[in-house]
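Read through the structure below, which is laid out as structure tokens, and then see the notes.
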Amino acid sequence: MPRLGRIADRTPRPETQVLACPRKAVKSFKPGFIPTKFMEYLEHNQKIATCCRHPEDHDIEARKSHPNEPGPDIYIFHCTCGRKHTIFCVGGSAASIAISNLRKNMPPGPDLDAQIAHIMAEAAQDRRPYWEVR
């Protein structure tokens, strides 16, 4: 049966992922830097091994799904047992959508800056962590 699509069967797919933030130990970050929902995802998942439910013992790396992404949207937790647990951030956040709408509809100036600062302050709870290793 022929395969539908532009890429022929058994042809490797082009890789678009880009490393955004290098692998680093989770415990080296300040508390609260990595969103709580990422940590709870591992801690409360009963379908994974016991060692995998302790994210403080993991390493984490962040990747962009495409080089043009503004920030990382794929987070990979590396367990001590060798397993990898991946979290995908799908879609834009409400804050990023609101800011892009403001920029389209308001002229540049202090009012726009104040509106963006207000939205960013409210959205601080739902952010994507980004770090550098020096």
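The values are calculated or read from the model by the stated rules, or taken from the named source; none is laboratory data. This one's a predicted model, so the numbers in the text were calculated from it and none came from an experiment. Methodologically, a virtual Cβ is constructed for each residue, glycine included, from the backbone with ideal geometry; neighbour enumeration extends over all protein chains shown.
Quick one: is Glu61 within 15 Å of the chain's Cα centre (by Cα) and more than 21 Å from Met120 (Cβ to Cβ)? In short, yes.
Among the residues of region 49-58, those identified as in contact (Cβ under 8 Å) with a residue 24 or more places away in the chain and either surrounded by 14 or more Cβ atoms within 10 Å (Cβ to Cβ) or touching a helix residue (DSSP H, G or I) at 6+ places or on another chain (Cβ under 7 Å) (or both) are Cys52, Pro55, Glu56, Asp57, His58.
Restricting attention to region 31-44, the residues that are surrounded by fewer than 17 Cβ atoms within 10 Å (Cβ to Cβ) and touching a Cys at 6+ places or on another chain (Cβ under 8 Å) total 0.
Consider region 26-57 and keep the residues that are assigned to a helix (DSSP H, G or I) and of a type in the set (Lys, Arg). The one that is nearest to Thr80 (Cα to Cα) is Arg53.
When you look at Glu61, is it at pLDDT 85 or above, outside any loop (DSSP other than H, G, I, E, B) and surrounded by 12 or more Cβ atoms within 10 Å (Cβ to Cβ), yes or no? Give the derivation first.
On the way: at pLDDT 85 or above: yes; outside any loop (DSSP other than H, G, I, E, B): yes; surrounded by 12 or more Cβ atoms within 10 Å (Cβ to Cβ): yes.
The answer is yes for Glu61.
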